[in-house]
Amino acid sequence: MTRDLKLSRIVLREIHLPLREPFRISSGVTTTRRILLLELEDASGIKTWSECVAGESPNYSPESIDTAWLAITTWFGPRLLGRSLGSPEEGDQVLSEDIRGHQMARAALEMGLWALRSEQLGQPLAKLLGGTRESIATGISIGIQEDPEALVERASAALEEGYRKIKIKIKPGADLEFLHAARTALGDDAPIMADANNAYTLDDLDHLVKLDDLQLVMIEQPLAWDDVVRHVELQRRLETPVCLDESISGIERAEDMIRLDAGRIINIKPGRVAGFAASKAIHDLCAEHDIPVWCGGMLESGIGRAYNVALASLPNFRIPGDVSPSARYWASDIVEPEWTMNANGEVTVPTGPGLGVAVDEERIEALTVRREDVKASV
Ligand code: OSB
Ligand code: MG
């Protein structure tokens, strides 16, 4: 294997993109997305972009855009700069050695290596990962609304637009009544699910069991963000499949979930698990155990979305992913063409190499509020 995967330049940039509507989950609200982008160049001058999905505050996982910035400039970036690698997998090894956590920071570099390799080979990123799908069935994630009426309006419009899965964010005080209103308005066949982002504890068991009446496709991450064992007790009491998101920080937690029956579905977010190598491993493990997976989202720009779409083309991504089109999030995206969804609720997997879409570098330059070059370690 040639050792020609070598980063000669890593530039971090922060841009701010206002969401078209505020996005509220049980642990906080996002109005404007502070996005960390990486500009990556290999020794032969091939260039690509990647996105670190960490949010402004550590209300999803312990990472934030500011901790990721520190991790990339201090630890991860200098390790890769000027280092000849034989493969993205080798890059993943180099990045992980003796560093705990900081998965989203690590993933931004690891996934960038895959895109660079895809550019070098002139092969679509989806193909390089082992993808088999030409399009991805698309879901929408609807934030917590003011009242059930507002939710019904939002969810009905989404179903009308063709979305194949309607995910409704819930929290205590905005759950059963809201979901019931949506179920009644959308009908018995509508693919509705709920995501609690850790808003409940086992003290809520009797309350959560009532979710079974709503015929949800699944309930995502009802209990603590790093819990597996308590979800076992919940899944035992629930007919509705439990889907884990936050808790699956890597392959070991996926093994735990399967062995203990703590859940029956996994939401894979490549940023959360430190990149594509781990995402593929979790995907393969779940396929072996007949556990369906789907691709989650972190309100990515069109750059992060390109990576999610490529990953979601793998065969065991059997449930519609949170890979909504650009216009669901932004007045205008930073890629060309923007991501769109057809009337069947599908996003097309690009056939070109790398991201498969062009990056609007002029716009990014204009939007950049912070910039730093990774310096080689001395
Ligand atoms: O739990 O899936 C989640 C966004 C930010 C943090 C956590 C989550 C989400 C989403 C957004 O649900 C999904 C999307 O990007 O469309
Ligand atoms: Mg979630």
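Data table
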| quantity | calculated |
| --- | --- |
| Residue identified as surrounded by fewer than 16 Cβ atoms within 10 Å (Cβ to Cβ) and farther than 21 Å from residue 303 by Cα among 58, 18, 78 | 58 |
| Selected residue (criterion: farthest from ligand 1 (Cβ to nearest atom)) from residues of segment 219-239 that are in a loop (DSSP other than H, G, I, E, B) and surrounded by fewer than 23 Cβ atoms within 10 Å (Cβ to Cβ) | 239 |
| Some residue of segment 124-137 being within 16 Å of ligand 1 (Cβ to nearest atom) and surrounded by 14 or more Cβ atoms within 10 Å (Cβ to Cβ) | yes |
| Inter-residue pairs, beta-carbon under 9 Å, first β-branched (Val, Ile, Thr) and in segment 243-254, second within 11 Å of ligand 1 (Cβ to nearest atom) and open to solvent by 10 Å² or more (accessible area, probe 1.4 Å), 6+ apart | 248/269; 248/272 |
| Any hit, segment 243-252, residues being among the hydroxyl-bearing types (Ser, Thr, Tyr) and open to solvent by 10 Å² or more (accessible area, probe 1.4 Å) | yes |
| Residue that is polar (S, T, N, Q) and within 16 Å of ligand 2 (Cβ to nearest atom), where the choices are 249, 301 | 249 |
| Pairs, first in contact (Cβ under 8 Å) with a residue 40 or more places away in the chain in segment 363-378, second in a loop (DSSP other than H, G, I, E, B) and of a type outside the set (Asp, Glu), C-beta under 9 Å, six or more apart | 364/334; 367/334; 376/82 |
| Flag if residue 323 is under 21 Å from residue 88 (Cβ atoms) and either within 16 Å of ligand 2 (Cβ to nearest atom) or assigned by TED's automatic domain parsing to the domain that holds residue 90 (or both) | no |
| Residues of segment 60-91 satisfying the condition of being touching a residue at least 60 places away in the same chain (Cβ under 8 Å) and under 28 Å from residue 198 (Cβ atoms) | 60, 61, 69, 72 |
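A quick yes/no check of all residues on (1) surrounded by fewer than 14 Cβ atoms within 10 Å (Cβ to Cβ); (2) part of a strand (DSSP E or B):
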| position | (1), (2) |
| --- | --- |
| 178 | no, no |
| 185 | no, no |
| 188 | yes, no |
| 193 | no, yes |
| 205 | no, no |
| 209 | no, no |
| 212 | yes, no |
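Yes or no, residue by residue, for (1) within 22 Å of the chain's Cα centre (by Cα); (2) within 16 Å of ligand 2 (Cβ to nearest atom); (3) at negative phi; (4) outside the structural domain of residue 247 (by TED's automatic domain parsing):
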site: 171; (1), (2), (3), (4): yes, yes, yes, no
site: 181; (1), (2), (3), (4): no, no, yes, no
site: 185; (1), (2), (3), (4): no, no, yes, no
site: 190; (1), (2), (3), (4): no, no, yes, no
site: 193; (1), (2), (3), (4): yes, yes, yes, no
site: 199; (1), (2), (3), (4): yes, yes, yes, no
site: 210; (1), (2), (3), (4): no, no, yes, no
site: 215; (1), (2), (3), (4): no, no, no, no
site: 221; (1), (2), (3), (4): yes, yes, no, no
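The values are calculated or read from the model by the stated rules, or taken from the named source; none is laboratory data. Bear in mind the structure is a predicted one, so any value in this text is a computation, not a measurement. We place every Cβ from the backbone using ideal geometry, glycine too, and count neighbours over all the protein chains shown. SASA here: full protein model, heavy atoms, side chains in, ligands and nucleic acids out. Shrake-Rupley method; radii C 1.70, N 1.55, O 1.52, S 1.80 Å.
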